[in-house]
């Protein structure tokens, strides 16, 4: 091998070569620069693993020429030579690292084998299809762009914290049109960051169980894991305004299915697709006590009571013979998907802020508690299996609390009035100074 001091000034003088050539550095034995006839160059090093006669020889490419300066490549060569002298084979280590899954590859494995509920009564059961779809979609839109190339086993707490801040700052936000009537909108912000952080943590726990990772770095990450409790629910006036707006849209030509779905959201407190995707097989109109028997809710099979208003809406809904859904799609075999557009127009018309279809579920829970229902009964209405889930809906409305407080102090309110009379400032005569003014003088 020709010898050449591997410094910039000397390398710049190198002519072209007609065959693969290695230039050895005289200052660091084993450190070389490889050049091909096409002009491609790369840094590398020859080493001996261990010491003595049993030491084995090895060779490894450090990096392509443009990725490292001569000084950086020399330092890396010295480190690898020292590592080999201590008994670690850098080439074997590099080959082993190539076999490690990247985060992008881990996502594929998680989608295929890891999407199971990790806690609660449904622990170990597969995620609901829609839950799995949204979970994997969030991971692919946030985790893969930011962490996809990293080795899963080497994911650090710092990587996770930087990932969280990047999503929070909106670095992965996008709005992409995929085709006719198909648009994918990816949002950023604190809420999106907290949600996908939970997905990432679940995926890392799966990787730990599979021995792909040694620990879950999300456990130690210093990020905001929970957000403020939402207290948004609709007042009676807001409910009337919302329903009136939807009625106006229906009169103007909107599909009446949207009005019925929104009213059922309100009167049942059910989740969005529990009503939009309601099947006739789940409706018990002829039972002694009409009810809903949801076959596949978020928490599995779920019973829901049916009030008169719900009974009247469902009884007046004509069943289409070729569909199992109460509100079938206008085209195709699925359920009606157009309610979101009507909802958005109604919300815009009413000027209501921070209101989603789930707000109606929250409204049902809040009104139930405000009229004196216990949390277990409220949970039964909402289809909760975990009492902690109902707790978040127990934001008692302010007006009933104010009235209750007024009634509570009515018996001794006269004490406060008597104290007020004693402490109220007495009227002063014209020109008379107050005690404070006299004290200043």
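Each reported figure results from applying straightforward, stated rules to the coordinates on display, with no laboratory input. As the structure is a prediction and not an experimental result, all values here were calculated from the model. For neighbour counting, all protein chains shown are included, and Cβ atoms are generated from backbone atoms with ideal geometry for every residue, glycine included.
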>> With a cut-off of 8 Å between alpha carbons and a minimum separation of six or more residues, what is the relative contact order of the stretch 103-219 in percent?
In response: 26
> Using every alpha carbon pair in the stretch 167-273, what percent of pairs falls into each 5 Å bin from 0 up to the bin containing the largest distance?
Replying inline: 2, 9, 11, 11, 12, 14, 16, 11, 6, 4, 3, 1, 0
> Taking 1 over the mean of 1/r across every pair of different Cα atoms in the chain, what Kirkwood radius in Å do you get?
Replying inline: 28.8
> Could you give the angle, 0 to 90 degrees to the nearest 10, between helix 70-85's Cα long axis and the longest principal axis of the Cα atoms of the chain?
Replying inline: 80
> What fraction of the DSSP beta bridges in the chain is antiparallel, stated in percent and rounded to the nearest 5?
Replying inline: 95
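Order 12-20, 24-32 from most to least packed using the mean count of other Cβ atoms within 10 Å.
For the peptides 12-20, 24-32, the packing ranking is 24-32, 12-20.
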> Of the listed peptides 158-165, 187-194, 316-323, what is their order by residue-averaged count of other C-beta atoms within 10 Å, with the highest listed first?
Replying inline: 158-165, 187-194, 316-323
> Between the stretch 249-323 and the stretch 101-170, how many Å separate their Cα centres?
Replying inline: 34
>> Can you compute the FRET efficiency between residue 244 and residue 111 using 1/(1 + (r/R0)^6), with r the Cβ-Cβ distance and R0 = 45 Å? Round to the nearest 0.05.
In response: 0.50
> Based on the mean of other beta carbon atoms within 10 Å per residue, what is the order of 265-276, 130-141, most packed first?
Replying inline: 265-276, 130-141
>> Once R0 is set to 56 Å, what does the formula 1/(1 + (r/R0)^6) return for the Cβ-Cβ distance between residue 312 and residue 98, expressed as a FRET efficiency to the nearest 0.05?
In response: 0.25
>> For Cα pairs less than 8 Å apart in space and 6+ apart in sequence, what is the mean separation divided by the residue count of the chain, i.e. the relative contact order in percent?
In response: 8
>> Less than 19 Å from a label point 7 Å out along the Cα-to-Cβ axis of residue 296: which backbone N atoms in the stretch 323-345 qualify, by residue?
In response: 323-329, 332-337
> What does the convex hull of the alpha-carbon atoms of the stretch 8-99 project to on average, in nm²?
Replying inline: 6.8
>> Using only Cα atoms and rounding to the nearest 10 degrees, what angle (0 to 90) does helix 236-251 make with the longest principal axis of the chain?
In response: 80
> Given the rule -39500 (n - 2.57) for each run of at least 4 DSSP H residues, summed and divided by the residues of the chain, what is its mean residue ellipticity at 222 nm, to the nearest 500 deg cm²/dmol?
Replying inline: -13000 deg cm²/dmol
> For helix 413-423, what angle does its Cα long axis make with the longest principal axis of the chain, in degrees from 0 to 90 and rounded to 10?
Replying inline: 80
